[in-house]
Amino acid sequence: MRAGGKKLRAVIIALLLVLLPSLARAQSCSYTVTSLNFGLIDTLSGTAATSTATFTATCSGSLPLLLPVLVCPHIAAGTGGATSAAARQMASGVNSLNYQLYSDPAMSVVWGSYNWAYASRPPPLLLSPNLFGNSIDTLTLYGRVPGGQATVPPGTYLSTFSGGQLEFRSRTTLLSSSCNTGAGNLGTSPTFTINATVAANCLVATQNIDFGSKGVLDANADATGQVSVTCTPSTAYTVSLNGGTTGGTPTNRKMSKGGERVTYGLYKDAARSQPWGDAGTPGSTVAGTGTGLAQPLIVYGRVPPQTTPSAGVYTDTVVVTITY
């Protein structure tokens, strides 16, 4: 019995010596990041554009005692660069479009790196290995292009992340669960892109023309209004004014009160020598090129001498069309 007991203990010890190396086998992680596409951006609207991407970590093998794996996905500025902690950039030639990456749905915590000039760091990802030492988990990257970038020219904007722009590191949580340093095993980083397309666009605002009160229409009555055009930089545009509700020519439009009419004209110049109309009157439209800022265009109105109709308020509606 004693001898048999010794043999039994020897077998148990031998089994333990076989199992321990298996529990301590090396752990390694691989990573993927989907590209983040903002799509078509309207920089004149003043509203932000948002999109998301997905970071995935897959770890195989295990650390001693099946400790959780800490993954720190450090993401720096990208090829477009960054001008501040709040503004990464995408580039289109020499032009830039501001955007930022965040680790939270509220888009208040910037996703950064220990290896860049700003204080923001990546979110830690804790993976719990199963009995076979394998684990997988994901994080969402939240992207936002802020409004207020009306002076950005149309084009396709891009920032690429690869090589030194990314450091995806993993380690045991035995010492800490912080991603504030470059500690941990450096994995092979994938390449992904951030991109957006700024569309050519124009906005228009108007100021009405009021000729005031007149007793007898025996002399020119002049007044001005305004068309304010805001187009993306380098966007060519033309502004046309239709003939009003009665479909008159540029200098023979009609204001109405019931069946009565008052003739008036709209012009491009203060001398009232250049009629402002539409494509139906060649040379009567106004052309320009956008800057991203509002461009005011004065509309010169004139009521010429004519037979005075009955007293009352005479009105017309003219449609402004921007072609770009």
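The values are calculated or read from the model by the stated rules, or taken from the named source; none is laboratory data. Please read these numbers as outputs of a predicted model, since none were measured by experiment. Reconstructed Cβ throughout: ideal geometry from the backbone, glycine too, with neighbour counts over all protein chains shown. SASA here: full protein model, heavy atoms, side chains in, ligands and nucleic acids out. Shrake-Rupley method; radii C 1.70, N 1.55, O 1.52, S 1.80 Å.
Numerical summary
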{"quantity": "Karplus-derived 3J(HN,Hα), 6.51/-1.76/1.60, for each residue of the range 105-114, Hz, glycine and proline x", "calculated": "x, 6, 6, 10, 10, 5, 8, x, 8, 5"}
{"quantity": "For the chain, with +1 on Lys and Arg beta carbons and -1 on Asp and Glu, the positive-most of Ala311, Thr50, Gly163 along the dipole", "calculated": "Gly163"}
{"quantity": "Of Pro68, Pro154, Thr238, farthest towards positive along the dipole that unit charges on Lys, Arg, Asp, Glu beta carbons give the chain", "calculated": "Pro68"}
{"quantity": "Whole-Å semi-axes of the ellipsoid equivalent to the range 222-314 (Cα gyration tensor, √5λ, descending)", "calculated": "29, 13, 12"}
{"quantity": "Share antiparallel - DSSP beta bridges, the chain, percent rounded to 5", "calculated": "95"}
{"quantity": "Listed residues Gly247, Ile298, Thr281: farthest to the positive end of the dipole of the range 179-324 (Cβ charges)", "calculated": "Gly247"}
{"quantity": "Thr317-Asn115 FRET efficiency (beta carbon distance; Förster radius 56 Å; 0.05 resolution)", "calculated": "0.35"}
{"quantity": "Local electrostatic count at Ala219 - Lys and Arg +1, Asp and Glu -1, tallied over other residues with Cβ under 15 Å", "calculated": "+1"}
{"quantity": "0 to 90° range, to nearest 10: angle between helix 2-23 axis and the chain longest Cα axis", "calculated": "20"}
{"quantity": "Within the range 257-280: backbone nitrogen closer than 18 Å to the Asn220 label point (7 Å, Cα to C-beta)", "calculated": "263-277"}
{"quantity": "Relative contact order (percent, whole number), the range 154-278, Cα cutoff 8 Å, 6+ residue spacing", "calculated": "18"}
{"quantity": "Counted charge near Lys268, where neighbours are those whose Cβ lies closer than 13 Å (Asp, Glu -1; Lys, Arg +1)", "calculated": "0"}
{"quantity": "Surface per residue (accessible, 1.4 Å probe) for the chain, Å²", "calculated": "50"}
{"quantity": "Local electrostatic count, Lys257, Cβ distance below 14 Å [Lys/Arg +1, Asp/Glu -1]", "calculated": "+1"}
{"quantity": "Equivalent-ellipsoid semi-axes of the chain, from the Cα gyration tensor, Å, largest first", "calculated": "75, 17, 14"}
{"quantity": "The range 91-225 - percent of accessible surface contributed by carbon and sulfur, probe 1.4 Å", "calculated": "52"}
